[in-house]
Amino acid sequence: MTTAQKELIKATVPILREHGVALTTHFYSRMFKHNPELKNVFNMGNQGNGKQQLSLALAVLAYAEHIEDPSVLVSAVTKIGHKHVSLDIRPEHYAIVGQHLLASIKEVLGEGATDELIAAWAAAYQQLADLMTGLEKSLYSEAATKEGGWTGWRPFIVKQKVKESEEITSFYLYPSDGGKVADFLPGQYISVRLFLPELNLIQPRQYSLSSAPNGSYYRISVKRESGAGDEPDGMISNRLHDAVQEGDVLEVAPPAGDFTLDTAKQTPVVFISGGVGQTPLLSMLEYLASTESNREIVWVHGCRNRRVHAFNEPITTLEARHGRLQKHIFYDSLDEDMAVEGYYEGVVELDRLKEQALLQDADYYVCGPAPFIRKQFEDLAAMGVSREAIHYEEFGPANLVLS
Ligand SMILES: Cc1cc2nc3c(=O)[nH]c(=O)nc-3n(C[C@H](O)[C@H](O)[C@H](O)COP(=O)(O)OP(=O)(O)OC[C@H]3O[C@@H](n4cnc5c(N)ncnc54)[C@H](O)[C@@H]3O)c2cc1C
Ligand code: HEM
């Protein structure tokens, strides 16, 4: 890109800050009109609730702001790359997205979209597309060459469905071809896709692997998503709970994701989860237990009540066995017989645990609804924990900007 082109991109930052979501909303509606087949590739729930439009707007804004040195965006780009690979996005798709993005900039800016500005955005897009396809190529290659690995979609049989709480059910997925499954890093997710008759579309969703790697199956644990107020119930989670039965086949993409336990470390780990956000942390915990790790572990979990509380039993058993694991459970409301040590009433307040949750040199892994992550992040930062020691994952397109 030329210096003049970079200046033109920087000049669009205030517009992107104010109208970024309008631009990406226009972009998606344009792309789905001209390329309706891509509705099978995108999560139409995230289109309905606006999370993907916001996520793309934030990414385009960050790129424009850092056009002089995009290398500072490497961790954000890596996160997107993992998501793309888990959805089988290939280099040829980039031309379609580029075409609709540039046309959308023209259509939304109107007279402000000079030929020079469009040429600058075309160059900027190509530079980013090259960076992303390069990264994705290496992720595909890694996924394909692992033992039990593959790329794209592979059929898996649901061998077992296990109810873990009133609203969370686990699915044990085995490859229909009888082969092995690739190992994964504790904390990673898979994409699962199935046909949704009400939309007449195939729809993918991500689910964190909720057990330690074992070579033969993947376990996911899915919360039945109920729409609040006027919002619709979740399409795929309800279908998985109600329609998908043991023996049915789902298509699965290989494990991906960069929210992973650093297994080389020996320092303490603190797992902080809200609701079904415990799944990737459970995989990390099971991994540490299965490798007989000596690391000190704190498990902090919050949910509405014991009826929706999944996995309490196995973690309690582990706590009794492990010796270096301590758990703290927060319920919105505590039944009288639960007023025992380790159970607290209210939302997760790390302040109430103080030094029990703040350990020397610890890493903090946080997962749950976006407001939960924000609160825990801010509370940890206020207690003096460094930004680098806090790791978090949103169960949807990245919408949080935390620093
Ligand atoms: C990395 C990652 C890991 C994940 N791990 C897990 C996991 O381990 N377990 C788990 O249960 N989930 C997990 N998820 C979430 C999961 O992928 C799905 O998002 C979740 O199951 C809901 O999907 P759904 O199809 O049921 O809901 P959708 O139909 O996609 O709806 C999602 C939400 O959007 C709202 N919505 C939809 N359309 C509209 C509209 N038009 N207007 C307003 N609101 C609307 C719905 O009310 C609902 O609240 C993970 C997500 C990611 C990204
Ligand atoms: C330079 C180009 C691109 C950029 C900047 C970009 C950016 C993003 C971002 C920010 C996300 C959200 C990631 C997350 O936090 O989970 C995302 C997800 C996604 N992207 Fe891209 N992307 C690009 C190209 C493409 C292409 C070419 C395709 C293929 C058609 C594609 C398909 C998807 C899909 C399907 C998702 C998941 C959407 C969802 O879960 O709702 N992207 N992308």
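The values are calculated or read from the model by the stated rules, or taken from the named source; none is laboratory data. Every value quoted in this text rests on a predicted model; they were computed, and no experiment measured them. Ideal geometry is used to build each Cβ from the backbone, glycine not excepted, and the neighbour counts take in all protein chains shown.
May I ask you to say which residue of PRO175, PRO213, PRO255, PRO186 is surrounded by 14 or more Cβ atoms within 10 Å (Cβ to Cβ) and within 18 Å of LYS83 (Cβ to Cβ)? Can you show your working first?
On the way: PRO175 fails: within 18 Å of LYS83 (Cβ to Cβ); PRO213 fails: within 18 Å of LYS83 (Cβ to Cβ); PRO186 fails: within 18 Å of LYS83 (Cβ to Cβ).
None of the others qualify; the one that does is PRO255.
How many residues are more than 16 Å from ligand 2 (Cβ to nearest atom), part of a loop (DSSP other than H, G, I, E, B) and touching a residue at least 12 places away in the same chain (Cβ under 8 Å) when one looks only at region 260-287?
Final tally of qualifying residues: 7.
Do you know which of the residues in region 122-158 that are within 23 Å of TYR174 (Cβ to Cβ) and in contact with a Pro (Cβ under 7 Å, 6 or more places away or on another chain) is surrounded by the most Cβ atoms within 10 Å (Cβ to Cβ)?
Per the criteria, the residue is PHE156.
So how many residues does region 182-214 have that are assigned to a strand (DSSP E or B), of a type outside the set (Val, Ile, Thr) and within 14 Å of ligand 2 (Cβ to nearest atom)?
Filtering region 182-214 down to residues assigned to a strand (DSSP E or B) leaves 189-196, 201-209.
Now narrow it down to the ones that are of a type outside the set (Val, Ile, Thr): 189, 191, 193-196, 201, 203-209.
Narrowing further to those that are within 14 Å of ligand 2 (Cβ to nearest atom): 189, 191, 193, 201, 203-208.
The number of residues fulfilling the criteria is 10.
Kindly indicate whether VAL298 is assigned to a strand (DSSP E or B) and not small (Gly, Ala, Ser). Break it down stepwise before answering.
Numbers: assigned to a strand (DSSP E or B): yes; not small (Gly, Ala, Ser): yes.
Yes: the conditions hold for VAL298.
Can you tell me which of (1) touching a strand residue (DSSP E or B) at 6+ places or on another chain (Cβ under 9 Å); (2) surrounded by fewer than 18 Cβ atoms within 10 Å (Cβ to Cβ); (3) assigned by TED's automatic domain parsing to the domain that holds ILE9 is the one LYS161 doesn't meet?
It fails just one condition, (3).
For region 40-56, give me each residue that is more than 9 Å from ligand 2 (Cβ to nearest atom) and buried (at least 18 other Cβ atoms within 10 Å of the Cβ).
GLN53, LEU54
Identify the residue in region 216-252 that is under 26 Å from VAL85 (Cβ atoms) and out of contact with any strand residue (DSSP E or B) (no Cβ under 8 Å at 6 or more places or on another chain) and, among all such residues, is nearest to ligand 1 (Cβ to nearest atom).
Within region 216-252, the first condition is being under 26 Å from VAL85 (Cβ atoms), and the residues that meet it are 216-223, 225, 234-237, 239-240, 244, 248-252.
Now drop any that are not out of contact with any strand residue (DSSP E or B) (no Cβ under 8 Å at 6 or more places or on another chain), which leaves 225, 234.
Details: GLU225: 4, GLY234: 2 Å.
Result: GLY234.
Report, by residue number, each residue of region 223-251 that is more than 16 Å from ligand 2 (Cβ to nearest atom) and hydrophobic (A, V, I, L, M, F, W, C).
Across region 223-251, the qualifying residues are ALA228, LEU240, ALA243, VAL244, VAL249, LEU250.
Sort through VAL385, VAL347, VAL401 and tell me the only one that's in the same structural domain as GLY275 (by TED's automatic domain parsing), β-branched (Val, Ile, Thr) and more than 26 Å from ARG324 (Cβ to Cβ). Don't jump to the end; show me each part of the working.
Values: VAL385 fails: more than 26 Å from ARG324 (Cβ to Cβ); VAL401 fails: in the same structural domain as GLY275 (by TED's automatic domain parsing).
Matching residue, one of VAL385, VAL347, VAL401: VAL347.
Considering LEU58, LEU117, LEU54, LEU101, which residue is over 30 Å from THR151 (Cβ atoms) and touching a residue at least 24 places away in the same chain (Cβ under 8 Å)?
Sole residue among the options that is over 30 Å from THR151 (Cβ atoms) and touching a residue at least 24 places away in the same chain (Cβ under 8 Å): LEU117.
Anything in region 1-33 that is loosely packed, with under 12 Cβ neighbours inside 10 Å and closer than 24 Å to ILE96 by Cα? List them, or say none.
LYS33
Take PHE156 and tell me if it is under 16 Å from VAL252 (Cα atoms), in contact with a helix residue (DSSP H, G or I) (Cβ under 9 Å, 6 or more places away or on another chain) and either modelled with pLDDT of 95 or more or among the aliphatic types (A, V, I, L, M) (or both).
Working: under 16 Å from VAL252 (Cα atoms): yes; in contact with a helix residue (DSSP H, G or I) (Cβ under 9 Å, 6 or more places away or on another chain): no; either modelled with pLDDT of 95 or more or among the aliphatic types (A, V, I, L, M) (or both): yes.
In short, no.
Search region 89-121 for residues being within 9 Å of ligand 2 (Cβ to nearest atom) and not hydrophobic (A, V, I, L, M, F, W, C), and hand back the single one that is surrounded by the most Cβ atoms within 10 Å (Cβ to Cβ).
First, pick out the residues of region 89-121 that are within 9 Å of ligand 2 (Cβ to nearest atom): 89-98, 101.
Now restrict to residues that are not hydrophobic (A, V, I, L, M, F, W, C): 90-94, 98.
Values: ARG90: 15, PRO91: 13, GLU92: 8, HIS93: 17, TYR94: 20, GLY98: 16.
The qualifying residue surrounded by the most Cβ atoms within 10 Å (Cβ to Cβ) is TYR94.
In region 189-215, what residues are touching a strand residue (DSSP E or B) at 6+ places or on another chain (Cβ under 9 Å) and closer than 20 Å to PRO314 by Cβ?
To start, the set of residues in region 189-215 that are touching a strand residue (DSSP E or B) at 6+ places or on another chain (Cβ under 9 Å) comprises 189-196, 201-211, 213.
Within region 189-215, TYR207, SER208, LEU209, SER210, SER211, PRO213 meet the criteria.
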